[in-house]
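Peer 1: The following block contains the structure, expressed as structure tokens.
The values are calculated or read from the model by the stated rules, or taken from the named source; none is laboratory data. Since the model is a prediction, treat every value here as computed from it, not as a measurement. So basically every Cβ, Gly included, is an ideal-geometry build from the backbone, and we count neighbours across all protein chains shown.
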Amino acid sequence: MLNYELVVIGGGPAGLAAAIEARKNGVQNILVLERDLELGGILQQCIHNGFGLHIFKEELTGPEYAQRFINELLEMDIEYKTDTMVLDISEIKTITAVNKQDGLIQISANAIILAMGCRERTRGAIRIPGTRPAGVFTAGTAQRFINIEGYMVGRRIVILGSGDIGLIMARRLTLEGAKVLAVAELMPYSSGLTRNIVQCLHDYDIPLLLSHTVTDIRGKDRVTGVTISKVDQNLKPIPGSEKEYQCDTLLLSVGLIPENELSLQANIKLDPRTGGPIVNESMETSVEGIFACGNVVHVHDLVDYVTEEAQKAGAGAADYIFEEITEKIPAVPIVPQEGVNYIIPQNIRIDNLNGFLDLMLRVTSVYRNAKICVRADEKTIKEVKRPHLSPGEMERVRLNSNIMKTIRPKTISLYIDGEKTQYAI
Amino acid sequence: MEKKRNMQSKELICTACPIGCRLTVFQDEKSENWFRVEGNSCKRGINYAIAEMTDPRRILTSTVKVTNSHYKRLPVRTREAIPKHLIFSCMNEINRIEVITPVRMGDILIDNIASSGIPLIASRNLE
């Protein structure tokens, strides 16, 4: 059995930043395990620009953003194994993994950081009727085919879902010579960034059909067409609104799911709202010494925030290894209320707070001229003005640890005070 | 959205921040910048609209063919934003080149793509 102070599962942006931060905090004996052939994770296929605006104050492409962290990891001489699949994690922090060099390996760790990311929802998850021909891809799979493997996925494309990956792929396919007929979105608003709607759809005159969905897929061996229908306020297709599109490819950009099979094996409690582990102020899960960060915890819209969260997990794991955090003390729950979908972290141990505590949250609908309000027990202690809030954009509220230590609330809750509105785009 | 209402005005969505103000830009010889902008809620909206009207630019990212690596494609980008109307001319040039590894992030692959004065660079290391 191999022994490490810290094992990081996943070598994408979260795993890289967590490992680097743990080393900066004094952890010597670190191992990063990555199932792909190289480090960098999904960033390697996200060749578009727009990464790093918050952290580096410049617009990098995905591979450039990843390369900076890979270089730092290599300079620090942090050990890693690529092409290595983790099969199991136990509650006592034993990891079983397999690769071609070492065969089956068992690793014992003082602390573990989970950074497995997320995966895409598929056709099965949204139950589109129709035949089952080739030519139905998730947007991320198509992205990998085109940007890494060098295969074009089709010529006439319909995209379902207007999340950022769907929008980015609409542009990418157009640049590579395909015709993107339409992007259909079930909701009356797009969950993608405004910038992507303008630069990926409007720049290329690609229609965005809000309140529409795909209701049929046709074709025997290959997709020959899809039907797009308008939906009503309850998101049900409206009979008579069907429109036929002749296409050879359907891309699905219909949401991401944190990838937590390993977390469940270690008996880690998940939050049904995020699909990821419940974490505390140090990004520690419900199992002592197992931390988590990035899209495995909740799906982020900016990699910059993944990096920041991973740094918190890396520092938290270091504190755990050096016994600088107090483990067995009651945690204060942070509860989402009116207008708030979820909050990360879900609970905090006030004695472990230091400096500032950032709460990450998503709202349930679009608001204008709103305030994000923080309530400690019965009293509202903080209000942050936001001219615009949308479920597609993660929000951050910063709390001062000293104030928390003075008030010592039993619960903290967040709610939105503002006017719900019709959608911006 | 670039729907022309008439010859003198154009509608845009501002991308300076996530609010996404709907802007209308009017050609107006009397105003300082030759354009008048409506619908913006801050000054950045005016700058955005004028840039979009006079010299819209975008960073272009794509991939080029690689022959001797475990991956088939190398991601590339224009080092700075290029004029929007040159995007497809740039793609033609990008599709014509092949790269032999090793390549370092930042290596120049085309000096002056589509006569834009801007180089095309590699956006990662590839062995």
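Peer 1: Can you tell me which residue in the stretch B:59-78 is nearest to A:Asn49 (Cα to Cα), limited to those that are assigned to a loop (DSSP other than H, G, I, E, B) and either charged (D, E, K, R) or facing another protein chain (nearest Cβ under 7 Å) (or both)?
Peer 2: If we take residues in the stretch B:59-78 being assigned to a loop (DSSP other than H, G, I, E, B) and either charged (D, E, K, R) or facing another protein chain (nearest Cβ under 7 Å) (or both), then B:Ile59 is nearest to A:Asn49 (Cα to Cα).
Peer 1: Can you tell me which residue in the stretch A:364-402 is surrounded by the most Cβ atoms within 10 Å (Cβ to Cβ), limited to those that are among the small types (Gly, Ala, Ser) and either under 18 Å from A:Glu281 (Cα atoms) or within 14 Å of chain B (Cβ to nearest Cβ) (or both)?
Peer 2: Taking the candidates together, the pick is A:Ser390.
Peer 1: On to the next question. Return the only residue of A:Leu353, A:Leu414, A:Leu359 being in contact with a Ser or Thr (Cβ under 7 Å, 6 or more places away or on another chain) and either crowded, with 17+ Cβ neighbours inside 10 Å or among the aliphatic types (A, V, I, L, M) (or both).
Peer 2: A:Leu353
Peer 1: Another question, then. Of everything in the stretch A:37-71 that's modelled with pLDDT under 95 and more than 9 Å from every other protein chain (Cβ to nearest Cβ), which residue is surrounded by the fewest Cβ atoms within 10 Å (Cβ to Cβ)?
Peer 2: Only one residue tops the list, namely A:Lys57.
Peer 1: Now a separate question. Considering only residues that are within 13 Å of chain A (Cβ to nearest Cβ) and out of contact with any Leu (no Cβ under 7 Å at 6 or more places or on another chain), which ones fall in the stretch B:45-58?
Peer 2: B:Tyr48, B:Ala51, B:Pro56, B:Arg57, B:Arg58
Peer 1: Still on this structure, please answer the following. Mind checking whether some residue in the stretch A:125-137 is of a type outside the set (A, V, I, L, M, F, W, C) and either in contact with a Pro (Cβ under 9 Å, 6 or more places away or on another chain) or within 14 Å of chain B (Cβ to nearest Cβ) (or both)?
Peer 2: No, the stretch A:125-137 contains no residue that is of a type outside the set (A, V, I, L, M, F, W, C) and either in contact with a Pro (Cβ under 9 Å, 6 or more places away or on another chain) or within 14 Å of chain B (Cβ to nearest Cβ) (or both).
Peer 1: Go through the stretch B:62-78 and report how many residues are over 17 Å from A:Ile146 (Cβ atoms) and surrounded by 14 or more Cβ atoms within 10 Å (Cβ to Cβ).
Peer 2: 1
Peer 1: Applying the selection to the stretch A:178-207, what residues are more than 10 Å from chain B (Cβ to nearest Cβ) and surrounded by fewer than 24 Cβ atoms within 10 Å (Cβ to Cβ)?
Peer 2: Residues satisfying the conditions are A:Ala178, A:Lys179, A:Leu181, A:Ala182, A:Leu186, A:Met187, A:Pro188, A:Tyr189, A:Ser191, A:Ile206, A:Pro207.
Peer 1: Separate question: Collect the residues in the stretch A:366-391 that are of a type in the set (A, V, I, L, M) and in contact with a Gly (Cβ under 6 Å, 6 or more places away or on another chain), keeping them in residue-number order.
Peer 2: Selection gives A:Ala370 alone.
Peer 1: Going residue by residue through the stretch B:34-45, is there one that turns out to be among the hydrophobic types (A, V, I, L, M, F, W, C), modelled with pLDDT under 95 and not in a strand (DSSP E or B)?
Peer 2: Yes, that holds for at least one residue.
Peer 1: Still on this model: Failed condition for A:Asp221, given (1) more than 14 Å from chain B (Cβ to nearest Cβ); (2) of a type in the set (Asp, Glu); (3) within 30 Å of B:Cys17 (Cβ to Cβ), with all others met?
Peer 2: That leaves (3) as the condition not met.
Peer 1: Can you tell me which residues in the stretch B:94-113 are out of contact with any strand residue (DSSP E or B) (no Cβ under 6 Å at 6 or more places or on another chain) and more than 12 Å from every other protein chain (Cβ to nearest Cβ)?
Peer 2: Matches in the stretch B:94-113: B:Arg96, B:Ile100, B:Pro102, B:Asp111, B:Asn112.
Peer 1: To continue, here is another question. What residue, of A:Lys371, A:Lys405, A:Lys312, is assigned to a strand (DSSP E or B) and basic (Lys, Arg)?
Peer 2: Residue meeting the stated conditions: A:Lys371.
Peer 1: Ok, one more. Please report, ordered by residue number, the strands (runs of 3 or more DSSP E) entirely within the stretch A:1-117 with at least 3 residues that are assigned by TED's automatic domain parsing to the domain that holds A:Val306, without any contact (Cβ under 8 Å) to a residue 24 or more places away in the chain and farther than 17 Å from A:Asn295 by Cα.
Peer 2: A:94-99
Peer 1: Taking into account only those residues within the stretch A:260-291 that are in a loop (DSSP other than H, G, I, E, B) and among the hydroxyl-bearing types (Ser, Thr, Tyr), which is farthest from A:Asp358 (Cα to Cα)?
Peer 2: Among residues in the stretch A:260-291 that are in a loop (DSSP other than H, G, I, E, B) and among the hydroxyl-bearing types (Ser, Thr, Tyr), the one farthest from A:Asp358 (Cα to Cα) is A:Ser286.
Peer 1: Turning to a different aspect of this structure: Taking the stated definitions as given, is B:Ser116 among the small types (Gly, Ala, Ser), in contact with a strand residue (DSSP E or B) (Cβ under 8 Å, 6 or more places away or on another chain), closer than 24 Å to A:Leu43 by Cβ and more than 10 Å from every other protein chain (Cβ to nearest Cβ)?
Peer 2: No; evaluated as a whole, the condition is false for this residue.
Peer 1: Does the stretch A:328-367 hold any residues that are among the basic types (Lys, Arg) and either in a strand (DSSP E or B) or touching a residue at least 60 places away in the same chain (Cβ under 8 Å) (or both), and which are they?
Peer 2: Result: A:Arg349, A:Arg362.
Peer 1: Can you confirm whether A:Asn267 is on the phi > 0 side of the Ramachandran plot and not aromatic (Phe, Trp, Tyr)?
Peer 2: The answer is yes for A:Asn267.
Peer 1: So B:Phe88 passes all but one of these: (1) under 18 Å from A:Leu60 (Cα atoms); (2) within 11 Å of chain A (Cβ to nearest Cβ); (3) not basic (Lys, Arg). Which condition number does it fail?
Peer 2: In the conditions (1) under 18 Å from A:Leu60 (Cα atoms); (2) within 11 Å of chain A (Cβ to nearest Cβ); (3) not basic (Lys, Arg), B:Phe88 misses (1) alone.
Peer 1: Which members of the stretch A:149-169 meet the condition of being in contact (Cβ under 8 Å) with a residue 12 or more places away in the chain, within 14 Å of chain B (Cβ to nearest Cβ) and under 25 Å from the mean Cα position of the chain (by Cα)?
Peer 2: Residues satisfying the conditions are A:Val153, A:Ser162, A:Asp164, A:Leu167, A:Ile168, A:Met169.
Peer 1: Next up: Of A:Gly177, A:Gly154, A:Gly192, which residue is in contact with a Leu (Cβ under 6 Å, 6 or more places away or on another chain), among the small types (Gly, Ala, Ser) and in a loop (DSSP other than H, G, I, E, B)?
Peer 2: Within the list A:Gly177, A:Gly154, A:Gly192, the selection yields A:Gly192.
Peer 1: Go through (1) closer than 27 Å to B:Ala16 by Cβ; (2) in a loop (DSSP other than H, G, I, E, B) and name the single condition A:Pro387 misses.
Peer 2: Exception for A:Pro387: condition (2).
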